[in-house]
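See below for the structure under consideration.
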Amino acid sequence: MTAIEAIMKRRSIRKFTQEPVTKETAMQLVDAAAAAPSAMNLRPVRFILMDKHDMAKLAETIDQKQPFEQGRWAIAVCADTRGYTGGTGWLEDSAAALENIQIAATALGLGALWYGVYRRAAKEPQVRAALNLPEGVECAGIAVIGYAGENKDKHGKVGEKFVFESTWKE
Ligand SMILES: Cc1cc2nc3c(=O)[nH]c(=O)nc-3n(C[C@H](O)[C@H](O)[C@H](O)COP(=O)(O)O)c2cc1C
């Protein structure tokens, strides 16, 4: 699969089959995440690999349980902002890492979900507690990984209302 094919095929997968995914494959996705660009190359992003047991425990405390109950691995994308001098760059770095995971998962024939965490009042406290995050370490989101248990259409060409030429148009 080419990079562009993986990007267009990537969809948010919320149902997964019970087919196992090896830890090596999950770590390949972590490598892909860590390869994302980083503002000023400060690289504050860290990854917490969650197995089925960790995911089941988290699912008990959050509303959107299904992906965590069905997915095979989850990768929490966190940033150590203690002493960080890059402003909001850590959040952008984290988003780039999360997107890399989704595209790499698609390229490997897997499905993935971006579960947003940062500043989500209903989710952030539970995630922080489950991951034992100290103050100053933030979790931007969690990528849930597994073989897709649902079929979704790939993305198509961008609609005209999303593109302006030269300058913004009202
Ligand atoms: C920052 C961010 C946070 C998201 N958080 C969640 C989430 O918590 N739960 C969820 O099911 N989907 C979440 N999504 C996925 C979006 O709902 C999804 O990308 C959108 O519906 C478009 O569908 P697609 O990803 O299949 O193209 C999130 C996406 C982004 C970018």
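List of remarks:
- Take 117-124, 38-45, 105-112 and order them by the average number of nearby Cβ atoms within 10 Å per residue, most first; the result is 105-112, 38-45, 117-124.
- Accessible area ranking (1.4 Å probe, heavy atoms, ligands and nucleic acids excluded), largest first, for 163, 137: 163, 137.
- Kirkwood-based Rg to Rh ratio, the stretch 3-151, C-alpha trace: 0.95
- Efficiency of FRET from Cβ geometry, residue 63 and residue 85, R₀ 30 Å, rounded to 0.05: 0.25
- Within the chain, helix-based [θ] at 222 nm, where runs of 4 or more DSSP H residues each add -39,500 (n - 2.57), nearest 500: -10000 deg cm²/dmol
- Once the C-beta distance of residue 160 and residue 108 is scaled by a Förster radius of 35 Å, the resulting FRET efficiency is 0.55 to the nearest 0.05.
The values are calculated or read from the model by the stated rules, or taken from the named source; none is laboratory data. Here the structure is a predicted model, which is why all the values come from computation and not from measurement. Cβ sites come from the backbone with ideal geometry, for glycine too, and all protein chains shown count toward neighbours. Surface areas here come from the heavy atoms of the whole protein model, side chains and all, with no ligands, DNA or RNA. Shrake-Rupley method; radii C 1.70, N 1.55, O 1.52, S 1.80 Å.
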